[in-house]
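K.L.:
Quick one: this structure, given as structure tokens, is what I'll be asking you about.
We did not get these values from a lab; they are worked out from the coordinates using the rules stated. Keep in mind the model is a prediction, meaning the values are calculated, not measured. Here the Cβ is made from the backbone with ideal geometry for all residues, glycine too, and neighbour counts use every protein chain on show.
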Amino acid sequence: MRLRPVVQLLLLAICSTQLTLAQDCGMAPTPVFAVICEQLQRWDVATRRLLRLGPSAGPQTMPPGIPFEMQGPWQPEFNNNQVQQPVPRSPYSCMDLSCLCQFLNGQISPDGACFLNSGQRLTQAVRKEYRRLTDDERSRFHDALNQLKQNGEYHNFARIHTQMSDSGGAHSGPAFLPWHREFTKRLEIALRMIDPEVALPYWDSVLDQNLPDARDSVLWTSEFFGESDSAGNVINGPYANWQTLEGRSTIQRHLGRQGSLLTEDQLNTFYQKSDIASVLAHTTPAANCPFRLDFTALEYVHGNVHFWVGGDMLEQSTSANDPTFYLHHSFVDLIWEQWRQQRQSRWERENDFPEDIAVCSNEQHFRNSEMRPFDGIRNFHGLSNTYTDELYTFEPRPSCANDEQDCRSDYLFCDRSHGRPKCVSKVKLGGRCDGFEREAICYDGICRNGRCVESRSSMAATPAKSKTTRRPAPRRKKPAAAFNNCFNEHPCCASWAAKGECSKNPRFMNKQCQPSCNKCRPSFDVSKECSDHHKSCQFWRRRGECKKSTHWMEENCRKSCGLCKKRKSEQCSEHHRKKPSTQRSEAVQAKASRPAKSDSRRHPTKAHLSNSRQTQRTSSVSARQQAASCTVTECFNEDKCCDEWKRQGRCTTDAEWMNCNCKVSCKVCQPTYDFGSCTDYHGSCPAWGQTGECKTNPWMMENCRTSCQACRKFTKRVLRKQCHIG
Ligand SMILES: [Cu+2]
């Protein structure tokens with residue numbers, strides 16, 4: 001028994017060295033792959049560090065006053081194939097059109113179709129190649145994206161991708177594809193809230209890869225992604241002068257300096273994969289992971305495109321500043337979906353996920369881990385068929401055959417000079433066209449001496465394609481305002497806020513009780529107890545949500561759920577009564593018998609110690625008998641200094657006090673936890689840590705070592721200094 005802590009420490013040491021010994025990025029086929037490899041490993045290491053520091057450092061949030069083991073109702077309940085929380089609090093959680101319909105103020109007809117106020121029917125988004133959009137579709141997409149930029153929502157999205165602490169599963173492992181599927185789905189919904197007809201296009205970079213110089217593609221003109229100056233600043237097109245999240249005045253790109261675009265061969269290699277663990281791949285395996293580092297994994301291959309675009313796209317922390325990010329990821333999603341359709345049954349698509357192996361991928365990539373920061377969904381939910389059944393679908397990649405005329409786009413041509421006919425992007429004026437002299441490669445021009453130049457004939461022959469005659473963007477009526485997603489998530493928010501929890505427990509409260517903490521302005525009167533805060537309350541009531549999603553409905557659909565007779569504050573206390581005790585102070589004391597802040601149990605002061613020395617001289621009662629008068633009943637040390645005091649001999653020199661307050665160190669009792677390890681010794685530690693107890697209560701530093709990061713703060717040396725008395 002005495003050996004246990006030692007063995008555990010040893011195991012821990014072995015484990016952590018093995019985890020840090022990642023497989024060698026030096027095996028990478030190209031220098032850029034090696035850099036991507038290191039980048040993914042850095043993300044992984046940082047995620048693992050956050051996970052080790054425990055919930056107070058990580059993104060987990062705990063409601064005020066509800067200890068960890070009692071938080072049952074707070075954990076969204078998941079059936080294996082349930083894709084979302086019952087009530088979508090925001091349109092972003094929607095997984096079908098009837099849900100989106102609610103947020104777009106539409107009407108659902110008896111046959112289930114959604115008709116918007118404009119009379120238009122809401123349909124599945126069709127994701128097309130960027131160059132295959134009609135002029136109207138393209139300008140609507142650009143308009144919607146610019147509105148998101150202006151109303152700040154685009155930045156909110158960029159921030160999500162940046163925040164490692166909340167988005168650990170975004171990179172470096174199996175959750176990469178599902179996470180980005182959910183992320184791009186959300187952006188597409190944000191666009192549709194502005195213009196319901198918009199879909200997120202995809203950028204098939206294979207179309208550019210076949211050019212003499214992909215930087216000359218028509219994509220990098222003001223019609224599409226825009227041009228950048230010699231310093232890399234994007235200076236024209238729909239994203240010109242877009243301020244970045246970090247406050248730079250433009251997006252940066254350095255096309256083609258490093259990396260590469262996707263090739264048909266890379267895609268074919270991917271389509272050939274048969275094992276789920278090579279598709280949802282462990283991209284940062286440790287040396288002892290049974291899976292080898294595989295540079296054909298989509299996460300690696302896709303990283304090359306980030307590097308090819310360069311600038312903001314280089315780093316995970318800035319890449320979502322550049323809209324190329326979303327169009328590239330929309331294509332990555334298409335490639336994944338093609339694999340799913342070709343290789344998996346419907347059932348497999350929703351169920352196959354690589355085994356959870358800690359030495360292969362960190363916990364955030366595990367099948368059932370929460371897909372942070374997307375409330376209420378887990379990684380495996382990202383496998384749902386509902387995404388492409390209900391919300392969006394892909395138009396097939398542009399292709400052409402001998403008998404077909406072209407690639408159905410003014411910006412693409414069918415290359416018949418290089419093997420099997422294939423669609424290739426057109427080249428802007430001044431760009432290279434060598435090797436394609438016989439093809440209609442130049443946009444608005446002809447190929448002469450290996451360069452695209454304007455030609456009178458081309459100008460005369462194709463006036464419709466010239467920029468000056470491009471149809472102006474259609475004027476539409478004012479789009480729906482961005483959705484105001486400002487709701488309390490729990491009926492007790494107001495009570496908690498009144499008790500000062502907004503400042504005591506900001507991590508939780510700022511997320512779950514935004515209106516009550518004045519973090520956003522709701523579109524309804526929060527103080528009205530008997531009202532519906534959401535226009536869909538009746539709809540949800542009919543779907544039985546009053547019973548299924550009690551907290552949210554109790555707060556926001558009180559009228560529809562028939563809760564007007566009860567006062568919220570009463571209901572809060574009822575919530576509390578259901579559980580043994582959810583008042584933090586009661587719970588903490590009842591469950592853990594933590595030290596009351598009474599003088600008798602404060603750690604020894606010099607005065608106290610000198611008193612007890614006298615006690616010791618006069619007392620002949622054994623230590624254990626003295627301890628019997630002690631009111632601390634459970635087997636915990638009450639102070640982080642206990643072990644140090646024991647080392648100083650206080651278990652004998654100050655036996656009475658020590659045997660009560662440092663029971664474990666003085667071996668008065670045998671703890672059931674691994675004393676000496678850097679873990680939490682009590683199940684409620686994470687919850688107490690969340691509510692700031694680490695700072696205010698000395699008991700915590702001794703017994704909630706993970707939650708309070710105690711081992712890091714109080715090394716042996718620090719303790720020796722701090723606990724020195726006399
Ligand atoms: Cu990416």
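K.L.:
Could you work out how much longer the chain between Ser531 and Asn146 gets when fully extended? Use 0.36 nm per residue separation minus the Cα distance between them, nm to one decimal.
P.N.:
Contour length minus Cα-Cα distance gives 135.1 nm.
K.L.:
Okay, moving on. In what order do Val305, Val35 fall by count of nearby beta-carbon atoms within 10 Å, going from fewest to most?
P.N.:
Ranking Val305, Val35 by Cβ neighbours within 10 Å, fewest first, gives Val35, Val305.
K.L.:
Sticking with this structure for a sec: When a/c is below 1.5 the answer is rounded, else prolate if a/b is larger than b/c, else oblate, so apply that to the stretch 171-308 with a ≥ b ≥ c taken from the square roots of the Cα gyration tensor eigenvalues.
P.N.:
prolate
K.L.:
Is the shape of the stretch 128-229 best called rounded, prolate or oblate, per the rule: a/c under 1.5 gives rounded, else a/b larger than b/c gives prolate, else oblate, with a ≥ b ≥ c the square roots of the Cα gyration tensor eigenvalues?
P.N.:
oblate
K.L.:
Taking the number of other C-beta atoms within 10 Å as the exposure measure, put Val453, Val32, Val718, Val279 in order starting with the fewest.
P.N.:
Val718, Val453, Val32, Val279
K.L.:
With a Förster radius of 30 Å, plug the Cβ-Cβ distance of Thr269 and Ser345 into 1/(1 + (r/R0)^6) and report the FRET value to the nearest 0.05.
P.N.:
Calculated transfer efficiency: 0.85.
K.L.:
Tell me the label-point distance for the pair Thr696, Asn288, using the 7 Å Cα-to-Cβ offset, in nm and rounded to one decimal.
P.N.:
That separation, rounded to one decimal, is 4.3 nm.
K.L.:
Now, a different point. Based on the Cβ-Cβ distance of Ser249 and Gln670, what FRET efficiency does E = 1/(1 + (r/R0)^6) give at R0 = 56 Å, to the nearest 0.05?
P.N.:
Computed FRET efficiency for Ser249 and Gln670 comes out at 0.30.
K.L.:
Another one. Give me the number: length gained by fully extending Arg567 to Ala358, i.e. 0.36 nm times residue separation minus the C-alpha to C-alpha distance, one decimal in nm.
P.N.:
Using 0.36 nm per residue and subtracting the Cα-Cα distance, I get 70.5 nm.
K.L.:
Using the number of other C-beta atoms within 10 angstrom as an exposure proxy, rank Cys530, Cys546, Cys423 with the fewest first.
P.N.:
Cys530, Cys546, Cys423
K.L.:
Right, something else. Quick one: which residues, 5+ away or cross-chain, put their amide H under 5 Å from the amide H of Phe394? H built at 1.01 Å from N.
P.N.:
Under 5 Å from the amide H of Phe394 lie the amide H atoms of Arg127, each far enough along the sequence or on another chain.
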